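Reviewing the structure listed below.
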Amino acid sequence: MVDADIIGLPLWYLPALVIVPMIVLVAAIKRLSRFAHTRSTPGEAPDWSVPPVDTAAGSTLFHRWDVRCKLITILVYSFMITALTQVTMALAALGLSCLALVAARASPTRVLLRLLAIAGFVSMFLVIMPFTAPVRVGDTVIVFGRLDWLGFNLRGLVLAVTITIKAVAITLLMEPLLATAPLPVTLHGLAKLGVPEMIGQMLLLSYRYLHVFRHEARRMAAGMQVRGFRKRTDLATLKAVANFLGMLFVRSFERTERVFDAMRARGYRGRFPEPVELRLKRRDVILAGGWLVLGIALIFLDRLAWQG
Amino acid sequence: MHISDGVLPISVTIGGYAASSALAAWSVRRTEAEALPKLAVMTAAFFVASLVHVPFGPTSVHLLLAGLTGALLGASAFLAIGLGLILQSLLFQFGGLTALGANALMMGLPALACGWLFQTFKGAAPTRQAVLGGVAGAAGSTLSAIALAALLATGGEDFFGVAKIALAAHVPVILIEGAVGAFTVGFLARVKPELLKPAFTRRAGAPHG
């Protein structure tokens, strides 16, 4: 082993310091996800014509902010967060994201769902990285009992924690970014920023039919269950699932023709009507500028701390 | 498995955005202009299909379907996968904002490779098509897993351990995707063989109207 501070701890510390916290983490994620899912699906059959993304009809700072400024600012700022390397600066970014969350009055359930969605991937880093990060000069490694090969590298833990905080900080910004304007308005803003209009249209269409097909898939699954199908780990299940997918594709494919014919019958010529007229105010630009300056300051402090 | 925000180095995230935008533009050019709305509807179908969970012992895995998407959509698959990922971050809270480009590459490149493989060697016999569908399904998730590990490894030596374990975690997914790919293509070959030709793509070299 290279020059590293090695702290020897008795073997029984391993369950106390590592295994128990891991189990608590996994259990907490499971529990929260069950809670969030029961909270978020109160009833079936939502109204397809109104996308749930625009439930927010509020009038917070984020709702009034010009959608183009909002998109650019949050996207660029998210990249800035990605560039951070220090735990302290990542924490500062997290604090700023929390402020944005409060300012946008985001729905706590949806925020929780977003956090749970990244929980699995991020916990993989928290669990694996401390044990696999290579030992470098000046690292602190905790060794439990005689398990020399299982060194718990504190630098790996710090790195994993930094990644987690950065991931959470960006994820928290998604609700203020996306849930404070109706989806067509957000896509219109993207089109005004130079994203090809066709992409926005395709997103709207996919979004609309996603609900239709989900509904259809649920009906097909209910039919299979009524006929006695239960999912198991065997080849027969895979075959049934494959037939299910095949049927879904056949039905959807036939539907694409009918959808397109219906669109043309209603006068579709490669464009959807514009949902809103966007007007840029000075306030929008000042907010965007101020936020980005804050981001640059974070990066600056981050690099400064790294050198010092 | 999708890469979340804050994991990849900033150069990789920006490079991922640049490369996937270029590929998406290519994919749009290879798709019939008339067929873009239809492709959007089909994207929704693939999206719903990727939400299906398959039990695996005590847990369950959900399908990536990169290989199958490629086999059925050909060159349009990259566009479909990109749209699917954007929708996923809008709607289902998965997937990141900054990692979007890298995720699109991770799923889209294998889809294109599998699409090429399938369309080149599929022949006419349903059995052969089913076998090839299985190969495409398994290859799609294998290549995605390798891409995931490679992207993670760009973070430096500290990320190698995580990359290796992420790669190992994909082994059951690869087996399941292979079987599902073979059965789905077999089903389609019997029920609706015209779906196995990429209906939305124009032939390479055809003039762009």
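What follows is calculated from the coordinates using simple rules that are stated; it is not laboratory data. Since the model is a prediction, treat every value here as computed from it, not as a measurement. As a convention, Cβ positions derive from the backbone with ideal geometry for all residues, glycine included, and neighbour counts pool all protein chains shown.
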Candidate cut points under trypsin sites (Lys or Arg not before Pro) in the stretch A:215-257, DSSP loop plus at most 14 other Cβ atoms within 10 Å of their own Cβ, are A:227, A:230, A:232
Between the stretch A:227-268 and the stretch B:49-110, what is the separation of their alpha carbon centroids in Å? 17
Among A:87, A:137, B:185, which comes first, second and so on when ranked by fewest other beta-carbon atoms within 10 Å? A:137, A:87, B:185
In peptide B:13-26, how many Cβ atoms from other protein chains are near each Cβ within 10 Å, on average? 1
When only Cα pairs under 8 Å and 6 or more residues apart are kept, what is the percent relative contact order across chain A? 31
For the protein assembly as shown, what proportion of DSSP beta bridges, expressed in % and rounded to the nearest 5, is antiparallel? 60
Under Stokes-Einstein, the stretch A:135-215 at 10 °C and 1.306 mPa s, with its Kirkwood radius over C-alpha pairs, diffuses with a coefficient in µm²/s of 93
Hits among lysines - C-alpha to C-alpha of residue B:164 under 23 Å, sequence gap 8 or more where chains match: A:166
Using alpha carbons only, how many angstrom separate the centre of the stretch A:87-120 from the centre of the stretch B:141-194? 30
Using only atoms on other chains, find how many Cβ atoms lie within 10 Å of each Cβ of peptide B:96-105 and report the average. 4
Averaged over its residues, how many other protein chain Cβ atoms are within 10 Å of peptide B:157-166's Cβ atoms? 6
Dividing the alpha-carbon Rg of chain B by 2.2 N^0.38 Å yields what? 0.99
Highest mean first, how do A:288-301, B:69-82 rank when packing is the count of other Cβ atoms within 10 Å averaged over residues? B:69-82, A:288-301
With N residues in chain A, Rg(alpha-carbon) / (2.2 N^0.38 Å) equals 1.28
If N is the number of residues in the protein assembly as shown, what value comes out of its Cα radius of gyration divided by 2.2 N^0.38 Å? 1.01
Length-normalised contact order for chain B - Cα pairs under 8 Å, 6+ apart - percent: 28
Estimated FRET transfer efficiency (residue A:88, residue A:263; beta-carbon r; R0 56 Å; 0.05): 0.60
Computed D for the stretch A:197-265, Stokes-Einstein, Kirkwood radius over alpha-carbon pairs, 10 °C, 1.306 mPa s, to the nearest µm² per second, is 114
Loop-resident chymotrypsin sites (Phe, Trp or Tyr not before Pro) in the stretch A:92-166 with no more than 13 other Cβ atoms inside 10 Å, DSSP not H/G/I/E/B, are A:149
